[in-house]
Amino acid sequence: MALDITPLFAPLSIKHRLLRNRLVMPPMVVNRGIISPEGITWYERRARGGASLVIVEATWITRFGQELTAENLRPLVVAMHEAGALAAIQLFAATSDGARSPAELSRTDIDTLIDDYARAAEICAEAGFDGIEPHGAHGYLLNRFFSPVQNERTDEYGGDTLENRSRLALRIVQAVAPICGPDMFLLYRHTPVGQGYGLQDSLLLGAALINAGVDILDISPASVEAPGDLAAPFRRLGVPVIAVNEMDRLERAVEAITEKRADLVAIGRGLIADPDWPLKIRYNRMEDILSCIRCDDCHVDLRQGRFVRCSQWEEEP
Ligand SMILES: Cc1cc2nc3c(=O)[nH]c(=O)nc-3n(C[C@H](O)[C@H](O)[C@H](O)COP(=O)(O)O)c2cc1C
Ligand code: SF4
């Protein structure tokens, strides 16, 4: 029986905004910059390919107000809007001295980090973004605070209790939620099973994040091999959930939406390889898709600081 793809193209309204379908581009650093002509072209091209929400790559919060301003970010947002997609941006926790472990941060550093998140959110709102996403996943700083193994603090931001290890994430969300207001989405990316914590801990965090103002949970297992349906348990918390990891296997994406394991599916490498993946699925041109073959050369580009490209391209689409 032919796969029924219509559930992937059902619109979804969240807050006062309408997503044209269930296909999201997850944040992916592509080393083109985000205010450069090359960066804007990259994101505009993915928006034109039919994704409903494009999440711009992890961007250090310390860059906002200096190098990144509402004025110089606006062309990126306008380009994505004109191509028909909503635009969000992932905000990456960074301290000015590049501290990577929770124990390295003083109380003043923590307060500054939260202020930097708020300033970044204000600039993104002024630039016209539809959403912001604190990066709480993949073993980076916010995720380390949540991990009982990686968080060696003994004050109220660490120690044995989940409440303490959730405190930084919650304070950030409380600081940015009023800036998002009734219109902008507040997403949060989290890895559901990590070092020293499991799904039940993550569900408690999810509930607290929602209570503090998160509108969409972006559930990203750390390993690309892990099944995307680790997102499913979070749906019972009552906000839309994004599932990711090899969702460009079409039957997997359809199943996630049809069986209500997720509200949205994120297509990462699939959209690097072929930005028109959503439109080609929509208009039944599956055979024209340049499928990702998981060679992971784009990760090598990422790590080596080169423009991220797909190894299969003859020329950039
Ligand atoms: C080149 C590249 C850059 C990435 N950069 C980020 C990032 O900035 N933030 C993030 O949370 N995940 C990042 N990821 C992970 C993706 O968002 C996504 O979770 C992962 O690729 C799995 O989805 P996929 O199987 O559809 O590719 C990146 C992945 C790739 C391939
Ligand atoms: S470089 Fe490899 S892993 Fe990356 S998008 Fe292309 S085929 Fe997929």
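The values are calculated or read from the model by the stated rules, or taken from the named source; none is laboratory data. Since we're looking at a predicted model, the values are computed, not measured. Counting neighbours? That spans all protein chains shown, and the Cβs are built from the backbone with ideal geometry, glycine included. Note: areas computed on protein heavy atoms with side chains; ligands, DNA, RNA excluded. Shrake-Rupley method; radii C 1.70, N 1.55, O 1.52, S 1.80 Å.
For ASN21, the stated conditions do not hold, so it cannot be described as outside any strand (DSSP E or B), at pLDDT 95 or above and surrounded by fewer than 16 Cβ atoms within 10 Å (Cβ to Cβ). Hey, ILE5 hits all of (1) out of contact with any Gly (no Cβ under 9 Å at 6 or more places or on another chain); (2) closer than 16 Å to GLY131 by Cα; (3) of a type in the set (A, V, I, L, M) but one; which does it fall short on? Every condition holds for ILE5 apart from (2). Going through VAL214, VAL193 one at a time, which residue ends up being of a type in the set (A, V, I, L, M, F, W, C) and surrounded by fewer than 19 Cβ atoms within 10 Å (Cβ to Cβ)? Just one listed residue meets the conditions, VAL193.
Number of residues in segment 158-217 that are more than 20 Å from THR112 (Cα to Cα) and polar (S, T, N, Q) equals 6. Just wondering, is there one or more residues in segment 93-104 that are in contact with a strand residue (DSSP E or B) (Cβ under 6 Å, 6 or more places away or on another chain) and of a type outside the set (Asp, Glu)? Checked segment 93-104: at least one residue is in contact with a strand residue (DSSP E or B) (Cβ under 6 Å, 6 or more places away or on another chain) and of a type outside the set (Asp, Glu).
Among the residues of segment 289-307 satisfying the criterion of being in a helix (DSSP H, G or I), surrounded by fewer than 18 Cβ atoms within 10 Å (Cβ to Cβ) and touching a residue at least 12 places away in the same chain (Cβ under 8 Å), which is farthest from ligand 2 (Cβ to nearest atom)? This residue is LEU302.
The residue that is nearest to GLY238 (Cα to Cα), counting only those in segment 261-284 that are of a type in the set (D, E, K, R) and modelled with pLDDT of 95 or more, is ASP263.
The helices (runs of 4 or more DSSP H) falling completely within segment 226-284 include none with 3 or more residues that are in contact with a Pro (Cβ under 9 Å, 6 or more places away or on another chain) and over 15 Å from LEU23 (Cα atoms). Here is the figure for segment 33-73: residues that are touching a strand residue (DSSP E or B) at 6+ places or on another chain (Cβ under 8 Å) and more than 25 Å from ASP115 (Cβ to Cβ) total 8. Cβ separations smaller than 6 Å between residues 6+ apart or across chains give the following pairs from segment 200-222 residues that are more than 15 Å from SER147 (Cα to Cα) to residues that are modelled with pLDDT of 95 or more and open to solvent by 40 Å² or more (accessible area, probe 1.4 Å): ALA207/LEU237; ILE210/LEU237; ALA212/GLN174.
Screening PHE9 against (1) under 17 Å from the mean Cα position of the chain (by Cα); (2) surrounded by fewer than 20 Cβ atoms within 10 Å (Cβ to Cβ) leaves a single unmet condition, (1). Out of GLU133, GLU225, GLU122, one residue alone is charged (D, E, K, R) and at pLDDT below 95. It is GLU225.
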